[in-house]
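What follows is a short report on a single structure.
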Amino acid sequence: MSDSVKTTVDPLLKDLDGKKESFRRNVVSMAAELKQVRGRLVSQEQFFVKESFFRKEAEKKAKNMEMEICKLQKKLEDRNCELEASTSAAEKFLEEVDDLRLQLALTKEIAETSAASAESAQLQCSVLTEQLDDKTRSLREHEDRVTQLGHQLDNLQRDLRTRECSQKQLREEVMRIEREITEAVAKSGKGTECELRKLLEEVSPQNFERMNKLLAVKDEEIAKLKDDVKLMSAHWKLKTKELESQLERQRRADQELKKKVLKLEFCLQEARSQTRKLQRAGDRRDKAIKELRDQITGKELNESVSREKPNFWDTSGFKIVVSMSMLILVIVSKR
């Protein structure tokens, strides 16, 4: 019985020993697996802690970036408002510049017309000066003629005086001869008186006729000379009056032309001063417009640079943080 029992117990013991060893092996392997799992859990917990820390930092960075984005948006809005204001001001300046250009064009046209009128006035003045020179020459010629006529009148008056004197002398001589004859007749006797009377009757009629003829001729010449003198004096007076009236007219015309020339010169000076002022104002406005355009271009460049800057949502750091957070969420969801 004992041998049969031993034979039946030994394989059971062997099985138990095998099972114990296999169980021990399983326990050892399970312990090793537990250690590995615990190590993995510790490493995963550390990784989770790191990921949570990184996630918090990423959230903080995201919040900070959102704040910065809000600030940048506000700055962009402010700059857009400034740009709109500057563009409106630039448009106003451009309108004012266009108005100034129109005014400059009008002033240039006025200046050109005034210059043309001044040139025409200068041409008229030159023509009138030539006419004045011609008239002064003619006046000088008339004055020379008048002086010649005056000399002729003086000579005629001298001739008249000399002839009147000679006529008086002849009459006095005739009267003296008659007196001498009458005295001689009175002194001499009657015989001689008869002879003298005969001689006087023969001689005196002839002499008296000759003397009367000469006196008549002289009287006619004197009358003609007087008429010529009267005519010359009247003609000279008329010429002098005409010359004086012409001189007054020329003086008035000269004064009027001088006034017109002065007015035109004053208008030209005013037009030139206005054009200079408008040109200066236009230059100032052009400089201001250039400065505004430079400012606008600078702002546009700054805006383009700011727009060209990488967006926070497109940055590599943000993408890495998002990918890590997605991995963490996947791992947590699996567990």
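The values are calculated or read from the model by the stated rules, or taken from the named source; none is laboratory data. The structure displayed is predicted, hence computed values, not measured ones. In this analysis, Cβ positions are derived from the backbone assuming ideal geometry, glycine residues included, and neighbour counts consider all displayed protein chains.
A few remarks follow.
- For Phe93, the test of being part of a helix (DSSP H, G or I) and closer than 30 Å to Arg280 by Cβ is passed.
- Any hit, segment 142-149, residues being within 23 Å of Asn302 (Cβ to Cβ) and either of a type in the set (Lys, Arg) or exposed (fewer than 10 other Cβ atoms within 10 Å of the Cβ) (or both): no
- Answer from Phe93, Phe48 - the residue that is surrounded by 12 or more Cβ atoms within 10 Å (Cβ to Cβ), not assigned by TED's automatic domain parsing to the domain that holds Ala281 and not polar (S, T, N, Q): Phe48
- The residues on offer are Asp78, Asp98, and the sole one that is under 22 Å from the mean Cα position of the chain (by Cα) and not basic (Lys, Arg) is Asp98.
- For the criterion of being surrounded by 15 or more Cβ atoms within 10 Å (Cβ to Cβ) and either within 25 Å of the chain's Cα centre (by Cα) or not assigned by TED's automatic domain parsing to the domain that holds Asp227 (or both), Ala118 passes.
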